[in-house]
Protein chains: 4
Amino acid sequence: MCRLIGYLGNPIQLDELLYKQEHSLYKQSYNPLELKSGAVCADGFGVGWYDKAGKPFIYRNTNPLWNDPNLEELSNYVQSTCTVGYARLAGIGEALDISNCQPFRSGKLLFVHNGEILNFQQTLYRPIRESLSDATYQLIKGMTDSEHIFALLVETWQSSPDSTLLSALRGTLQKLTKLASEYNTSFSTNLIVSDGQAVAAIRYAYRTQAPTLYWSCDAVKHPNQVIVASERLSNQNWTAFPEQSMLFVQAESLQPTITLLEKFA
Amino acid sequence: MCRLIGYLGNPIQLDELLYKQEHSLYKQSYNPLELKSGAVCADGFGVGWYDKAGKPFIYRNTNPLWNDPNLEELSNYVQSTCTVGYARLAGIGEALDISNCQPFRSGKLLFVHNGEILNFQQTLYRPIRESLSDATYQLIKGMTDSEHIFALLVETWQSSPDSTLLSALRGTLQKLTKLASEYNTSFSTNLIVSDGQAVAAIRYAYRTQAPTLYWSCDAVKHPNQVIVASERLSNQNWTAFPEQSMLFVQAESLQPTITLLEKFA
Amino acid sequence: MCRLIGYLGNPIQLDELLYKQEHSLYKQSYNPLELKSGAVCADGFGVGWYDKAGKPFIYRNTNPLWNDPNLEELSNYVQSTCTVGYARLAGIGEALDISNCQPFRSGKLLFVHNGEILNFQQTLYRPIRESLSDATYQLIKGMTDSEHIFALLVETWQSSPDSTLLSALRGTLQKLTKLASEYNTSFSTNLIVSDGQAVAAIRYAYRTQAPTLYWSCDAVKHPNQVIVASERLSNQNWTAFPEQSMLFVQAESLQPTITLLEKFA
Amino acid sequence: MCRLIGYLGNPIQLDELLYKQEHSLYKQSYNPLELKSGAVCADGFGVGWYDKAGKPFIYRNTNPLWNDPNLEELSNYVQSTCTVGYARLAGIGEALDISNCQPFRSGKLLFVHNGEILNFQQTLYRPIRESLSDATYQLIKGMTDSEHIFALLVETWQSSPDSTLLSALRGTLQKLTKLASEYNTSFSTNLIVSDGQAVAAIRYAYRTQAPTLYWSCDAVKHPNQVIVASERLSNQNWTAFPEQSMLFVQAESLQPTITLLEKFA
């Protein structure tokens, strides 16, 4: 159970998102309010952003988010229109490796995931890997279920010339659900993914309950900002994702659409 | 506000103390129950022990205690009759440096401290340092109030050929209280200190309230063990330290004595 | 190209091996003399040892060996009759993850490896993994060729009730060579492996040159010690391994035997 | 003995300076060519830069420079007209603490230092500290001679309303030399300091030899760049600093001036 954040909108400094909000990611790392299990999200963290040219950057660390003075510096320096962030709560048996820290990146895609494939090592770990092309296989550097879900997404995205981010996401959920059914496991998968021009966020689970996910779009105070987060950053203007739903928002319009996802099972 | 533990008794493996108890130091690091402030004790940790020849060893890390597989290994290997442990909650502005992690050691002494000198940097930091001999001055490697209290203890201990651990501790509290009065600050100082043959533990505060401290000595189940800890390790047989009190126990007898401390102010 | 060390003999403190020798592993980490490529072995390190009951322990860190005060403490505390050590020089693209640090362990086995499977990610990475049983597959926590060779060894060892450490090692080399031939790559594999009662060390390469490896057994000065190391620890009594050779020594006799290995190709 | 770099000129990405040059700071960290002692500069590193508004930022890490993927990201993102960088070789007894990593910063000043006060702990450590105002005293977070020299500079700079960076630097050298004479020690002090608008670099020693320092200003190929570095970044257009000399360059003109420093002894 990690804590996620995603942003699309007018250019802001990262500290707006990571530190300055009432219940910022910084605060969620040591005082999370809606974790399904565990106490803190202190097993590393990461942030990803796009520069003006649309090139994605990542910064990750295995320390607790609150224990990294470099992140404070960086957050005061970096400005971006599109950002994802993540505070980690490691799964059982997962090492405190930088390779296990998110966001994951491939080409233009940045990706953060919160959730769990039940008994991942014993269930979908090997089947997912063995379903991948060599190129995608070699992208994987760590051991987490999260990175393997990302690999599935990359594979799906690249396997068809016609695929869009949305169709690739649906395809990924479909594959995951099929595999989970086949290997008799359950999973939850809240995720935020971006290509710099659009952000998609999903709350989805199969045979279990998905963690919380919220979005905010304050047409009055902040007309040019869409934020998605595991926990509300403040008391105002946050809407909970329904179960099995997806938000999609593009930089041009900044009008988020919420879609209910079919049950792929 | 850190969490402390101290042990004197028959030889045990460190994991008995650090992991296996119901509310072990491991658990206290991510789920502390009696912190006066803060959420977790995840800014590093340390453990110190004596080998059969009475030589003190220390192991310290800036990661959260729960995130160190080496500590698990070590705790399964090391056996000792005398141990101190510590999970850190850094004070404001204190860096995540190994030099700021406890236990501190000088000669045979191992020392862990929980508490705070209010506004330390602006109040007693410089006066304490400038009161020290060159030799003790050069012992200090970090910035914490804890290490400076330890330096005061070492200085007091070494300044008189007749001093015992107990007289040095009283002398240290007296000096601290005098300085705090002079510089108009307050402090709390729970500490556990050992020379391998005896353990002294103190709960003391000046113009503020001391954090919790407990001791356990189960004459029936564990006749040969005395444990001191910031929080009870289990529901049985733990006694709270009165305010302004000191426990002292020697390896020979394992009979702890509790003394109320005078107000040095 | 890492630096390895292995020890079997009378009980010694680890610091004898890691720090006190003229050209100790400590020194080899910042001033290696016989690296085939690279400048220093500063991408982490590890040490493994057995306690009196024959239980294996490991200690690993991603810092340079010379930058770990905990290792100095540990090395002064731990005594063992059987030890392996390792200073890492990461391969290109390998993350500085604790999971990529050796020694690796499974059951009683401790294992350190120096060498390289050429273009591992693109050649044998996937074929090795896919040849493994589920149990062995799940042992792998990192990305290194070294760990995958270890997995092959574990698999070979466990696949036959009659296998000995020696037969498992030969089987592993045979499989590796066959795979390398099939996937048109080369590899070098210097390794030291132990079960606590015996140490086997191999210098082997296929279509390339193996790194250096030496052994020492000073019948006069140190009749009860056999040491294997990537570089001579001193100027005296060290013998170079011939190419394609294996040393085997048991705790009972401490008489090493050197065997030339067949070409498995 | 650390390796330093400083830059003033047209806006460049940090990777130009840190990675892309033939003998970049990256390369100097594992393969330094002109160290007076030691093998590598792998005990941490740091980089400092100014944004368009002239605000200084720092990024520091205790890992070897080559082992930080975040630095690569950052170096591809950050653009600046004024930068300092540093790869650390820790002095004996200095902990691998982030607080001991440079650059140091105070107000607009960024500062990196290479050199040594001989037997610092036993000689000038305490005298320097005790000469400081409380405000400067509290700036110091680590234990290095470098940071204490920086504190002297800050103190000198702030003690007179008329002081310029140059006069403060001279005052600092004068104080240091006087103290070294008084306490019978020697020191070398290569340093690069900036306020974002100008860079000053000094090669100075008292009773010992200063480390190497070079500057480059290629009027033809790179008319808008002045670089200072411990080792030449390439084979062309580098000039060695004379002993006891100072370079000063301002953003407006980018015309460096070299001044021989008086002997303050």
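From the list C:T136, C:T144, C:T123, C:T83, which residue is open to solvent by 10 Å² or more (accessible area, probe 1.4 Å) and of a type in the set (V, I, T)?
That would be C:T123, the only listed residue that is open to solvent by 10 Å² or more (accessible area, probe 1.4 Å) and of a type in the set (V, I, T).
What number goes with the only condition from (1) closer than 27 Å to C:S131 by Cβ; (2) open to solvent by 40 Å² or more (accessible area, probe 1.4 Å) that C:P223 does not pass?
Condition not satisfied by C:P223: (1).
Those residues that are closer than 28 Å to A:P69 by Cα, of a type outside the set (G, A, S) and either within 14 Å of chain D (Cβ to nearest Cβ) or in contact (Cβ under 8 Å) with a residue 24 or more places away in the chain (or both), I need them from region B:42-71; list them, please.
Matches in region B:42-71: B:D43, B:F45, B:V47, B:I58, B:R60, B:N61, B:T62, B:N63, B:P64, B:L65, B:W66, B:L71.
Quick check: anything in region A:123-139 more than 10 Å from every other protein chain (Cβ to nearest Cβ), at positive phi and at pLDDT 95 or above?
no
Starting from region B:134-145, keep only residues that are farther than 14 Å from D:R126 by Cβ, then list their pairs with residues that are open to solvent by 70 Å² or more (accessible area, probe 1.4 Å) whose Cβ atoms are within a distance under 8 Å, requiring at least 6 positions of separation or different chains.
Pairs found: B:M143/D:K141; B:D145/B:E116.
Modelled with pLDDT under 95, out of contact with any strand residue (DSSP E or B) (no Cβ under 8 Å at 6 or more places or on another chain) and among the acidic types (D, E): is that true of C:E262 in this structure?
Yes, satisfied.
Would you mind finding the one in C:K36, C:K55, C:K108 that is in contact with a helix residue (DSSP H, G or I) (Cβ under 9 Å, 6 or more places away or on another chain), of a type in the set (K, R) and more than 27 Å from B:T62 (Cβ to Cβ)? Even if it seems obvious, please write down each step before you answer.
On the way: C:K36 fails: in contact with a helix residue (DSSP H, G or I) (Cβ under 9 Å, 6 or more places away or on another chain); C:K108 fails: in contact with a helix residue (DSSP H, G or I) (Cβ under 9 Å, 6 or more places away or on another chain).
After ruling out the rest, the residue left standing is C:K55.
Go through the residues of region A:164-172 one by one and say whether even a single one is open to solvent by 10 Å² or more (accessible area, probe 1.4 Å), within 14 Å of chain C (Cβ to nearest Cβ) and without any contact (Cβ under 8 Å) to a residue 40 or more places away in the chain.
No, region A:164-172 contains no residue that is open to solvent by 10 Å² or more (accessible area, probe 1.4 Å), within 14 Å of chain C (Cβ to nearest Cβ) and without any contact (Cβ under 8 Å) to a residue 40 or more places away in the chain.
Is it true that some residue in region C:197-205 is assigned to a loop (DSSP other than H, G, I, E, B) and within 14 Å of another protein chain (Cβ to nearest Cβ)?
No, the conditions are met nowhere in region C:197-205.
All but one of (1) more than 14 Å from chain B (Cβ to nearest Cβ); (2) closer than 25 Å to B:D68 by Cβ; (3) part of a helix (DSSP H, G or I) hold for A:Y19; state the number of the condition that does not hold.
(2)
Matching residues to (1) more than 18 Å from D:I140 (Cβ to Cβ); (2) touching a Phe, Trp or Tyr at 6+ places or on another chain (Cβ under 8 Å):
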position: B:L118; (1), (2): yes, yes
position: B:K141; (1), (2): no, no
position: B:E155; (1), (2): yes, no
position: B:P161; (1), (2): yes, no
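Please state which of the following conditions A:C2 fails to meet, knowing it meets all the rest: (1) out of contact with any His (no Cβ under 8 Å at 6 or more places or on another chain); (2) open to solvent by less than 30 Å² (accessible area, probe 1.4 Å).
(1)
Quickly run through region D:22-37 and pick out the residues that are in a loop (DSSP other than H, G, I, E, B) and touching a residue at least 12 places away in the same chain (Cβ under 8 Å).
D:E22, D:H23, D:S24, D:P32, D:L33, D:E34, D:L35, D:K36, D:S37
What is the one condition in (1) touching a residue at least 40 places away in the same chain (Cβ under 8 Å); (2) open to solvent by less than 30 Å² (accessible area, probe 1.4 Å) that A:E116 does not satisfy?
All conditions pass for A:E116, except number (2).
Tally up the residues in region D:38-63 that are assigned to a strand (DSSP E or B) and open to solvent by less than 10 Å² (accessible area, probe 1.4 Å), please.
Number satisfying all stated conditions: 8.
Residue by residue through region C:44-72, note down the ones that are of a type outside the set (S, T, N, Q) and closer than 24 Å to D:A39 by Cα.
C:G44, C:F45, C:G46, C:V47, C:R60, C:P64, C:L65, C:W66, C:D68, C:P69, C:L71, C:E72
Please go through region C:173-195 and pick out each residue that is of a type outside the set (S, T, N, Q) and open to solvent by 10 Å² or more (accessible area, probe 1.4 Å).
C:K175, C:K178, C:L179, C:E182, C:Y183, C:D195
Here is a check on your reading of the model: is A:G85 within 11 Å of another protein chain (Cβ to nearest Cβ), touching a Leu at 6+ places or on another chain (Cβ under 7 Å) and either under 28 Å from A:N184 (Cβ atoms) or of a type outside the set (A, V, I, L, M, F, W, C) (or both)?
Details: within 11 Å of another protein chain (Cβ to nearest Cβ): no; touching a Leu at 6+ places or on another chain (Cβ under 7 Å): yes; either under 28 Å from A:N184 (Cβ atoms) or of a type outside the set (A, V, I, L, M, F, W, C) (or both): yes.
Judged against the criteria, A:G85 is not a match.
Do the conditions hold for C:K27, that is, is it open to solvent by 60 Å² or more (accessible area, probe 1.4 Å), over 24 Å from B:D51 (Cα atoms), of a type in the set (K, R) and modelled with pLDDT of 95 or more?
Working: open to solvent by 60 Å² or more (accessible area, probe 1.4 Å): yes; over 24 Å from B:D51 (Cα atoms): yes; of a type in the set (K, R): yes; modelled with pLDDT of 95 or more: yes.
So C:K27 passes the test.
The values are calculated or read from the model by the stated rules, or taken from the named source; none is laboratory data. Here the structure is a predicted model, which means the values were calculated and not measured. Positions of Cβ are generated from backbone atoms using ideal geometry, with glycine treated the same way; all protein chains shown enter the neighbour counts. Accessible surface areas use protein heavy atoms only, side chains included; no ligands, DNA or RNA. Shrake-Rupley method; radii C 1.70, N 1.55, O 1.52, S 1.80 Å.
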